[in-house]
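Worksheet: one structure, shown below.
The values are calculated or read from the model by the stated rules, or taken from the named source; none is laboratory data. Note that the coordinates shown come from a computational prediction; the quantities given were computed from them, not determined experimentally. Backbone-built Cβ (ideal geometry, glycine too); neighbour counts: all protein chains shown.
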């Protein structure tokens, strides 16, 4: 009987020890798996950095028996979306941005018309070959959403719409990125396509396409510089300059596309924005010289000041 009790006691003790060891190893395995899963998530988060900014500005005014004069009613609405998704791993970097903007203004004297309209998509891949130098390839598409008109004192002239024009750039080159604020991309061999997918505009050779055609292919040199500067905790300045020289036609007449935005944050959801855009394209010859009456290219300038809702994701 004593032998049986002794054997039972030894069996119970052995089982307890083994069970305790199994629980211990199980906890070790669970902790190790949790740490591994967390490490994988952390790595994924480090590879991609994504974000967006959404802003909406509304201004309204009305006048009743106002001796100084002015429009009885005015309403302006402007919305903008800016999103990015950037990838980093070892020597690889892939930057993607989307810029959308649309504005509308209505007054009793002028009626309704748009004040802003922009679609701008950019994707750039780079492989690091030096301390701040990348061998890169860039794609950029720029067009608009709605019909556009050139307003005169007596008429409204239809001049643009979605994909009329649209500019598509494919460009291999070198990208100089000394820090997170500045980048300079240069390419001596760039292909640019100008699309005018509207018969009425294509038939008069708008935006440099041959009369009756919808696409014009250009080859030239391309440069784009981007500067994002955090001036203070609540003030950010963004600037982008694009230059393109067409080797096939008037290479000295360089196309310029320059956008600037100063954002001043008031609180979490309120901000003030000041923007200045400048465009020069020698192929856009719709502006009339008042002295000579001759149509030709002009420096296009758009300046906007607004205060409104802003959400950052």
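The table below lists the values:
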quantity: Check on residue 109, farther than 30 Å from residue 205 by Cα, crowded, with 17+ Cβ neighbours inside 10 Å, at pLDDT below 95 and more than 20 Å from the chain's Cα centre (by Cα); calculated: no
quantity: Failed item in (1) surrounded by 12 or more Cβ atoms within 10 Å (Cβ to Cβ); (2) touching a strand residue (DSSP E or B) at 6+ places or on another chain (Cβ under 8 Å); (3) more than 24 Å from residue 81 (Cα to Cα), with residue 240 passing the rest; calculated: (3)
quantity: Meets criteria (touching a helix residue (DSSP H, G or I) at 6+ places or on another chain (Cβ under 6 Å) and at pLDDT 95 or above) for residue 226; calculated: no
quantity: Residue 53 modelled with pLDDT under 95 and surrounded by fewer than 10 Cβ atoms within 10 Å (Cβ to Cβ); calculated: no
quantity: Any chance residue 252 is more than 24 Å from residue 167 (Cα to Cα), outside any strand (DSSP E or B), more than 21 Å from the chain's Cα centre (by Cα) and free of Cβ contacts under 8 Å to residues at least 12 places away in the same chain; calculated: no
quantity: From 133, 138, residue being modelled with pLDDT of 95 or more, surrounded by fewer than 16 Cβ atoms within 10 Å (Cβ to Cβ) and either within 18 Å of the chain's Cα centre (by Cα) or at negative phi (or both); calculated: 133
quantity: Among the residues listed as 168, 201, 184, the single one being surrounded by 15 or more Cβ atoms within 10 Å (Cβ to Cβ) and outside any strand (DSSP E or B); calculated: 201
quantity: Scope the stretch 248-264; condition in contact with a strand residue (DSSP E or B) (Cβ under 6 Å, 6 or more places away or on another chain) and closer than 24 Å to residue 120 by Cα; matching residues; calculated: 254, 255, 256, 257, 258, 259, 260, 261, 262, 263, 264
quantity: Contacts under 6 angstrom Cβ, first residue in the stretch 168-185 being under 12 Å from residue 223 (Cα atoms), partner at pLDDT below 95 and part of a strand (DSSP E or B), 6 or more apart; calculated: none
quantity: All positions within the stretch 265-289 that are out of contact with any strand residue (DSSP E or B) (no Cβ under 6 Å at 6 or more places or on another chain), within 17 Å of residue 165 (Cβ to Cβ) and not in a loop (DSSP other than H, G, I, E, B); calculated: 287
